Structure formats: structure tokens, C-alpha cells
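Let me begin by presenting the structure, written as C-alpha cells, before commenting on it.
The values are calculated or read from the model by the stated rules, or taken from the named source; none is laboratory data. Values in this document were obtained by computation on a predicted structure and should not be read as measured data. Quick reminder, even Gly has a Cβ in these numbers, built from the backbone with ideal geometry, and neighbours come from all protein chains shown. Only protein heavy atoms, including side chains, enter the accessible area calculation; ligands, DNA and RNA are left aside. Shrake-Rupley method; radii C 1.70, N 1.55, O 1.52, S 1.80 Å.
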Amino acid sequence: SVEQSVAVLREQGKRGVADFCLTPHLAASALEAGVPPAHDAAFAALMKAAPSSPRLHRGAEVMLDRPLSATAAANTAFRLGGGPVMLVEFPRLVSLDAVGSALRNVVEHGVVPLLAHPERYSCCSPTAVARWRELGALMQLDATTLLQPSRRGDRARQLLAYGMGDVVAGDNHGD
């Protein structure tokens, strides 16, 4: 609810958090229709009630279930804070070649892909991430996963140790 979100924002502001980027999940196959009206309404309601700090920014976490279209790439509403970076993800069972091809497609549209939670994908390794970074992609490691005693946690810590994490963030689904 808006009230719960505002309470979280106030608490985080007290802790020194300056900015939040809200990234609802959207599929690349649905981006042609633009920003869902319900997302616009929810953001407007939150902005009306939210404190001035931390600042709120819009974006999306785009599931690359198909190649990103030129129209979707040009729509800055799907990028973090309207800038050049788009947060992207893949279905869990994605192949190494599919990741490289999709990231290359995003870059060819003039957008910087920020790959959410690369440690989630079994094809992820420091060698793979080095290739993805050479294409122009950035990596967002999941903060919670970094602390987990699991294969994903091991991959996340390995990427961090190799300096391959550009952003550490949460993948909060309202919980």
C-alpha cells in the first residue's frame, strides 16, 4: 500500500538512503504498449504522499524474453531514472550464448544493460561476466544472495571478489 511504502521511505531516509529506483518487472514482449497505466497511477499516488527524501526514480526490470525492439529501447521510461541504463534479466534457465546475444542487442540500440542478479544464472562465471562486460553490460549483484551459503551465493561472492559487481542492490518483491 502507499502508506506502507511511505513508512519505509521515511525510515530509509532517516538511515541516510538518498535515492530509490523503483523497477517493476516487465517483459520485453510487452514494452511496445508503453508503461502500463496502473504503474503510472501507482507512481503518481506514491509521489503525492512520499517525503521529499529519499528521492524516487522510475525504471523497470525488463525480462528479455525476446530481443529488445527499437521502440522499447527508445522509451526512456524503461530505463533507470530515464538515463542510459536499463535493468535487464533473463529466465533462470538461459544459455550463455542467449545472454551474450541479448545483451549485444540492447547495446546495439544505444542502451547500457545492467544485468540483474547474474549469479542467478547457472551459465554465469567470471569468464562469462568478463565477456558480457566487454559487450558493454554492467552487473547488479543481489545483496541478499551475497550472504547466502549456496551456489548462487558463491557465484555472487566470486564476482564481487573479481571486481565484477557494478551495483549491489535488493530484488525486493514487496516483502
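With Cβ to Cβ distances under 12 Å as the rule, what net charge do the other residues near A49 carry (K, R +1; D, E -1)? All intermediate terms of the calculation are to be shown ahead of the outcome.
On the way: positive: R10, K48; negative: E3.
Residues close to A49 contribute a combined charge of +1.
If the chain between A38 and D97 were fully stretched, how many nm would it gain, using 0.36 nm times the residue separation less the Cα-Cα distance?
Values: separation 59, 0.36 × 59 = 21.24 nm, distance 3.48 nm.
In short, 17.8 nm is gained.
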| message | Which order do you get for T23, T145, T76, T71 if you rank them by accessible area with a 1.4 Å probe, largest at the top? | response | T71, T76, T23, T145
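Send over a whole-number figure in Å² for the accessible area per residue of the chain, probe 1.4 Å. Please list the in-between numbers first.
On the way: 9240 Å² over 175 residues.
Each residue of the chain exposes 53 Å² on average to a 1.4 Å probe.
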| Which percent of the accessible area of the stretch 1-53 is formed by carbon and sulfur heavy atoms (probe 1.4 angstrom)? | 59
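With all protein chains present and a 1.4 Å probe, how do L159, L56 order by accessible area, largest first? Mind showing how you got there, number by number?
Details: L159 0, L56 25 Å².
Most to least solvent-accessible, the answer reads L56, L159.
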| query | Say a paramagnetic label sat at a point 7 Å from the Cα of E11, along Cα to Cβ; which residues of the stretch 45-64 have their backbone N under 15 Å from it? | reply | 54
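Restricting to Cα pairs below 8 Å that are 6+ residues apart, what does the relative contact order work out to for the chain? Please round to a whole percent. Numbers along the way, then the final one.
Details: 281 pairs, mean separation 28.8, N = 175.
Reported as a whole number, the value is 16 percent.
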| said: Explain nothing, just the number: dipole magnitude of the chain about its Cα centre with +1 on each Lys and Arg Cβ and -1 on each Asp and Glu Cβ, in debye rounded to the nearest 20. | reply: 300
| field | Rule-of-thumb Rg ratio for the stretch 1-135 [Cα; 2.2 N^0.38 Å; N residues] | value | 1.15
| When the Karplus curve 6.51 cos²θ - 1.76 cosθ + 1.60 is applied with θ = phi - 60°, which whole-Hz ³J(HN,Hα) does each residue of the stretch 46-62 get, with x for Gly and Pro? | 5, 4, 5, 9, 6, x, 6, 9, x, 6, 9, 10, 9, x, 7, 9, 9
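Please return the longest stretch of the chain lacking exposed loop sites, where trypsin sites (Lys or Arg not before Pro) count only if DSSP places them in a loop and at most 15 other Cβ atoms lie within 10 Å. Could you put the intermediate results ahead of the total?
On the way: sites that count: R15, R92.
With a cap of 15 other Cβ atoms within 10 Å, the longest stretch comes to 93-175.
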| message | Given the options F90, V107, F20, identify the residue whose Cα lies farthest towards the positive end of the charge dipole of the chain (+1 on Cβ of Lys, Arg; -1 on Cβ of Asp, Glu). | response | F20
